[in-house]
Every structure is written in C-alpha cells, then in structure tokens.
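The next block holds one structure in the form of structure tokens; read it before the comments.
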Amino acid sequence: MTRSPPSMSVSLVLADVDGTLVTPDKLLTARAAAAVNALHLAGVAFAITSGRPPRGMAMLIEPLGLRAPIAGFNGGIFVNPGMTPIATHLLPPEVARRALGIILQHDMDVWVYSGNEWFIRNLEAPHVMREQRTVKFGPTVIGSFERALDSAVKIVGVSDDHALVARCEQDTQAALGSEASAARSQPYYLDVTHPDANKGAVVSTLSKLLLVPMVEIATIGDMPNDVLMFRKSGLSIAMGNASPEVQTQADLVTGSNDDEGFAKAIERFILPRRRPPPVDA
C-alpha cells in the first residue's frame with residue numbers, strides 16, 4: 001500500500017510507552033520530559049497509549065503534565081488523567097475463551113486483565129516480575145480464568161520463544177479474524193483485545209475526542225502493534241530499536257530508546273511541524 005506524503009502540520013503527538021517513551025529500564029529521562037513540555041508550550045497536544053493498564057501509566061501523568069485521555073490496554077480502556085473511565089471495550093466472553101484456548105495450545109503462559117485486576121496462574125512464570133516492576137502493582141494468582149473471562153479487557157500470551165509468539169499471533173488472527181485484535185506488544189507478549197481496542201482505533205478515537213484531524217496527528221512507536229497507528233496518522237515515526245519491518249512502515253526513523261530517540265523525534269521532526277497559530281484578522 002502506498003502511503004500518503006507525511007503531514008507538514010502536527011497538532012497532536014501520540015506515543016507508545018515501552019520501547020518508545022521510556023528507556024529499556026522503564027525510566028523517563030529528563031530530556032524526554034523536557035521534550036513533552038516543549039510540545040505543551042508550542043500548543044501541541046500529547047497523549048500516550050500502551051498495552052499497560054491505565055494504572056500502570058499513572059506514574060507518567062505528573063512528570064509529563066498529561067492533559068489528554070490516556071489509552072490503556074492498546075485502547076481497551078480510555079481514562080482521563082484523573083483515572084476516571086471515558087470508554088471501555090471488553091472482549092466478548094466467547095471470544096476471550098477461544099483466544100485463551102489458542103494461546104494454551106501453543107504452550108504459552110497466559111495473563112488476563114479484568115477491571116483493575118491482573119490475573120495469572122503462576123507467580124514464577126516468565127516476565128511476571130518484570131511486568132510488576134513496570135506497572136507498579138502485583139498480580140492475583142488464580143487456579144482458573146473462567147470468571148475473569150466474562151469481563152476481560154486484555155488476554156496476554158507470554159513466551160521467551162519469540163518465533164512461537166509470532167506464530168501464535170498469526171494463528172490467533174486467522175482464527176478470530178475481525179472478532180478480536182491480536183498483535184505483539186513485545187517480542188515475548190501477544191496481546192488479544194476487543195477489535196476496537198487497537199492502536200489504529202486509538203488514533204481515530206483521540207481525533208474525535210480532541211477534535212484534531214487525523215492528518216495532524218503524529219505517532220511514535222517501536223512494535224508491530226504500533227504499525228496500526230502509523231497507518232492512521234499524518235506522520236509516523238519508528239524508534240531506532242524497532243525491527244526493520246516496523247521501520248519500513250513509518251515515514252521517519254529516530255534514535256533508539258536507550259539513546260533519547262523519543263526526545264530526538266520531538267526536537268527534530270515534530271516541533272518544526274507544529275501547527276502555526278491562527279493569524280488575527
């Protein structure tokens with residue numbers, strides 16, 4: 001598919017969090033925070049989206065002075081900066097059960113997010129401790145996901161076999177089709193959410209909520225699930241740590257997240273494109 005020329009006017013920046021806004025150690029650098037502040041001063045809105053639950057992004061609200069809606073679970077839940085829900089997209093229970101079955105057939109570990117809870121089967125499973133450090137709250141260990149599947153907002157397949165995760169992504173997409181969104185948020189995570197809970201839909205939703213044309217939205221990300229928002233926005237920027245496949249889907253490529261890639265993108269690519277103020281009559 002041929003992309004349109006990148007937009008020369010930006011009124012809103014939408015950024016992924018892990019692998020993009022924060023460092024590999026999940027830290028927000030002073031330069032990244034200063035870049036967001038420069039956007040505010042220039043009159044450019046800034047929003048974040050992530051596979052994290054909203055409460056797993058709460059620590060970013062104050063240092064970034066966030067004012068726009070926050071899209072958690074890849075758009076499964078939108079909240080305002082005060083954490084009041086704006087919109088929620090739950091997986092239909094039958095679709096959730098099918099997704100769970102497909103992931104288990106691939107011998108991957110499974111997490112289920114429902115409401116404000118994160119449910120797992122094994123506290124010692126891969127990446128549980130990493131996720132707990134990232135989102136700043138712990139999981140609930142349960143023997144069966146059955147009740148949680150009635151109100152699941154996100155199901156995650158987890159494995160350190162990255163090729164297996166990629167195959168499971170393809171198989172889940174083929175089996176569920178338009179009934180769910182299935183995409184890797186990390187090489188070791190497969191996120192399954194409501195079909196309207198994907199980063200492309202996040203662009204559309206923020207465009208409506210903030211009254212910003214999609215052509216004036218710039219997106220920044222690093223993973224395959226970020227490509228969906230690249231396709232909806234007027235300007236797309238891939239991180240230097242993104243795979244070559246992701247980078248080829250973006251208009252521009254910045255530095256990596258261990259070398260201030262986010263801040264460099266704002267400084268070099270966004271601020272020169274900020275929408276000029278209206279001329280007084």
Do any residues in region 135-162 that are closer than 25 Å to Pro195 by Cβ have Cβ atoms under 8 Å from those of residues that are assigned to a helix (DSSP H, G or I) and open to solvent by 70 Å² or more (accessible area, probe 1.4 Å), where the two are at least six apart or on different chains, and which pairs are they? Val135/Arg55
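Results for (1) modelled with pLDDT under 95; (2) of a type in the set (A, V, I, L, M, F, W, C); (3) closer than 21 Å to Phe230 by Cα; (4) open to solvent by less than 10 Å² (accessible area, probe 1.4 Å), shown as yes or no for each residue.
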residue: Met57; (1), (2), (3), (4): no, yes, no, yes
residue: Arg67; (1), (2), (3), (4): no, no, no, no
residue: Phe78; (1), (2), (3), (4): no, yes, yes, yes
residue: Pro85; (1), (2), (3), (4): yes, no, no, no
residue: Thr88; (1), (2), (3), (4): yes, no, no, no
Restricting attention to region 18-49, which residues are crowded, with 19+ Cβ neighbours inside 10 Å and without any contact (Cβ under 8 Å) to a residue 40 or more places away in the chain? Phe46, Ile48
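Given the residues Val165, Val192, Val153, Val215, which is the only one that is of a type in the set (Val, Ile, Thr), open to solvent by less than 60 Å² (accessible area, probe 1.4 Å) and in a helix (DSSP H, G or I)?
Answer to the selection: Val165.
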In region 90-104, what residues are assigned to a helix (DSSP H, G or I) and touching a residue at least 12 places away in the same chain (Cβ under 8 Å)? Pro93, Val95, Ala96, Arg97, Arg98, Ala99, Leu100, Ile102, Ile103
Within region 234-272, which residues are under 24 Å from Asn37 (Cα atoms) and part of a helix (DSSP H, G or I)? Gly261, Phe262, Ala263, Lys264, Ala265, Ile266, Glu267, Arg268, Phe269, Ile270, Leu271, Pro272
Report every pair of residues separated by at least 6 positions or lying on different chains whose Cβ atoms are under 9 Å apart, first residue within region 207-233 and within 21 Å of Val36 (Cβ to Cβ) and modelled with pLDDT under 95, second open to solvent by 20 Å² or more (accessible area, probe 1.4 Å) and of a type in the set (Lys, Arg). Met223/Arg184
If Thr205 satisfies all but one of (1) under 19 Å from Phe78 (Cα atoms); (2) crowded, with 22+ Cβ neighbours inside 10 Å; (3) of a type in the set (S, T, N, Q), what's the number of the condition it fails? (2)
Suppose the filter is free of Cβ contacts under 8 Å to residues at least 12 places away in the same chain, surrounded by fewer than 23 Cβ atoms within 10 Å (Cβ to Cβ) and either at negative phi or of a type outside the set (A, V, I, L, M, F, W, C) (or both); does Ala174 pass it? yes
Could you go through region 106-114 and let me know if any residue there is in contact with a strand residue (DSSP E or B) (Cβ under 9 Å, 6 or more places away or on another chain), modelled with pLDDT under 95 and of a type in the set (D, E, K, R). no
Which numbered condition Glu117 misses (of (1) at pLDDT below 95; (2) open to solvent by less than 40 Å² (accessible area, probe 1.4 Å)): (2)
Sort out which residues of region 156-190 are out of contact with any Phe, Trp or Tyr (no Cβ under 7 Å at 6 or more places or on another chain) and among the hydrophobic types (A, V, I, L, M, F, W, C), and write them in order of number. Ala163, Leu164, Ala166, Cys168, Ala174, Ala175, Leu176, Ala180, Ala182, Ala183, Leu190
With the checklist (1) of a type outside the set (Ser, Thr, Tyr); (2) in a loop (DSSP other than H, G, I, E, B); (3) touching a residue at least 40 places away in the same chain (Cβ under 8 Å); (4) open to solvent by 20 Å² or more (accessible area, probe 1.4 Å) in hand, flag the one item Arg52 doesn't pass. (4)
In region 237-249, what residues are in contact with a Gly (Cβ under 9 Å, 6 or more places away or on another chain) and surrounded by fewer than 24 Cβ atoms within 10 Å (Cβ to Cβ)? Gly240, Asn241, Val246, Gln247
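The values are calculated or read from the model by the stated rules, or taken from the named source; none is laboratory data. Keep in mind the model is a prediction, meaning the values are calculated, not measured. Virtual Cβ from ideal backbone geometry, glycine too; neighbours counted across all protein chains shown. To get the accessible areas, we keep the full protein, side chains included, count just its heavy atoms, and leave off ligands, DNA and RNA. Shrake-Rupley method; radii C 1.70, N 1.55, O 1.52, S 1.80 Å.
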